[in-house]
1. Can you give me the relative contact order of chain A as a percent, contacts being Cα pairs under 8 Å and 6 or more apart?
2. Among rounded, prolate and oblate, which fits the protein assembly as shown when a ≥ b ≥ c are the square roots of the eigenvalues of its C-alpha gyration tensor, a/c under 1.5 means rounded, and a/b larger than b/c means prolate?
3. For peptide A:80-86, what's the mean number of Cβ atoms from other chains within 10 Å of each residue's Cβ?
4. Taking the number of other C-beta atoms within 10 Å as the exposure measure, put A:His18, A:His160 in order starting with the fewest.
5. Using per-residue counts of other Cβ atoms within 10 Å, averaged over each peptide, order A:29-38, A:104-113 from highest down.
6. Compute the FRET efficiency between A:Ala40 and A:Gln106 as 1/(1 + (r/R0)^6), taking r as their Cβ-Cβ distance and R0 = 25 Å, and round to the nearest 0.05.
7. Return the whole-Å distance between the Cα centroid of region A:280-302 and the Cα centroid of region A:26-52.
8. Amide H of B:Leu40 versus every other amide H placed in the peptide plane: which residues, excluding those fewer than 5 positions away on the same chain, fall under 5 Å?
Amino acid sequence: MLVGSVVAVDHHDTGLGHPEHAARLVAVARGLDEAHLGDAIGELEGRAATVTELGRVHGDLYLDALAQLAAAGGGAIDPDTRVSPGSWATACAGAGLGLAAVDALQRGEAEAAFVAPRPPGHHATATQAMGFCLVNNVAVAAAALAEAGQRVLIVDWDVHHGNGTQDIFWNDPRVLYVSTHEWPAYPGTGRVRETGGPGAPGLTVNIPLPSGATGDVALAAIDEVAAPVVDAFAPDWVLISAGFDAHRDDPLADLAWSAGDYADLTRRLAAMAPGPGRLIAFLEGGYDLNALAHSAAATVAALAGATYRPEPATNGGPGHDAVVAAARVHAHLAGGSA
Amino acid sequence: MKLDRILVAVDGSDNSLGAVVWAAGLAAATGAEVVAVHALGLLDRLDGGEQVPSQPNRDEITRRFEDDWCAPLDAAGVRSRRIVRDGNPVSVVLAAADDEDIDLIVLGSRGLGGYPELLLGSTSTQVAQHSSRPVTIVPTA
């Protein structure tokens, strides 16, 4: 499999004390080294996304403003989200990683890919930077695939709801968006009843989980809520918004997953791809550096078909009732449209 | 003209304190109720200084918002409610204004960040741009 990162060209500086900082990508690289995956992983050669490619999901005025803000020296867009002089180039390189991964997999170069952009992307809407995010990396890749006639499943297991990705594809029948996330939490979206627009009914699947939910609950969410919808949708590609902030050690949130859980989740989602070369994971959040290193490595190993479990899977936490409630809503929607 | 409910956006900064005081004064003069709203982002500031993660500090942030940052409302003796919502300040203020059927939105002129000349406006300019309701922006004292 292929791994790509912007670590060598990372000039997105969020300032002292900000949890989304450059050492995150260094930690991911360290985690992969420690996993000793050897020849199972190769390096993905990246490229910068063009404004046209970003423009499939973002407004031109928004992209101009972002580029100009970086060129003018940067600053804070909101209390969470910052731009530095190098942010625009780094964000373009980050979004380009996903596009490069799509190209490489289409050429048959690997069975799967993992890409590590900065900053994360899933909170960025068509016209709004927020929640540390500037451009929506997974959405840029999904939009490119959808434009090429492909049906795309995005599974977002970041601890925060991917409001930007949901907004962008809310009414788009070519993209199925599935999210597990802590509730209540930032950004306040992702209720079970948010199920897609009139053009894509049932193609947004939200499974909000309570504080303390463990990995077994996440697996149940995928098996009991997502799997039937995914089967009916029959995706050509599986993209994962792989934040690692649902890990129990993460300082920004309160779910209780471990690196072993990410390995299990990855295997479940890999099985949803229609065949080899149709699976890409995108780094989103994850702010405890050791948890990030272990979890990203466990995910990459699982994508490569290898076993690396620096921590065992977790179970016994709350949240099964939330899974049952979400399953009921989506079973009803599927029944209603049959 | 109806002025039953005034929304004031509160983030704990000196700037938002000015907006709270101004809203309290208007409410005292008109008998309106004040709905104070705090947007819980990914990060927050407990002491006006270093940012801390919001989620593990929800209870403490909520307590400070309700007791400290909104104190001028109680001091003025006006009817008021406090609402904490997850999200970025612009979306939270606009959504709360709709849900609470607010007659006037009051914000401080400048919180963190914002570049109006680049269309990445501050919270106050973005709210003023997108709101269908009257907005008052209170300048820093």
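What follows draws every value from the coordinates through simple rules; no lab data is involved. What you are looking at is a predicted structure, and each value in this text was computed from that prediction instead of being measured. We place every Cβ from the backbone using ideal geometry, glycine too, and count neighbours over all the protein chains shown.
1. On the way: 816 pairs, mean separation 65.6, N = 338.
Normalised by residue count, the contact order of chain A is 19 percent.
2. Values: a/c = 1.80, a/b = 1.61, b/c = 1.12.
It is prolate, given that a/c is not under 1.5 and a/b is the larger ratio.
3. On the way: counts 10, 7, 2, 4, 0, 0, 0.
Mean partner shielding for this stretch: 3.
4. Working: A:His18 16, A:His160 31.
The order, fewest Cβ neighbours first, is A:His18, A:His160.
5. Numbers: A:29-38: 16.4, A:104-113: 18.0.
Highest to lowest by the protection proxy: A:104-113, A:29-38.
6. Numbers: r = 21 Å, r/R0 = 0.83.
E between A:Ala40 and A:Gln106, to the nearest 0.05, is 0.75.
7. 11
8. B:Arg85, B:Asp86, B:Gly87
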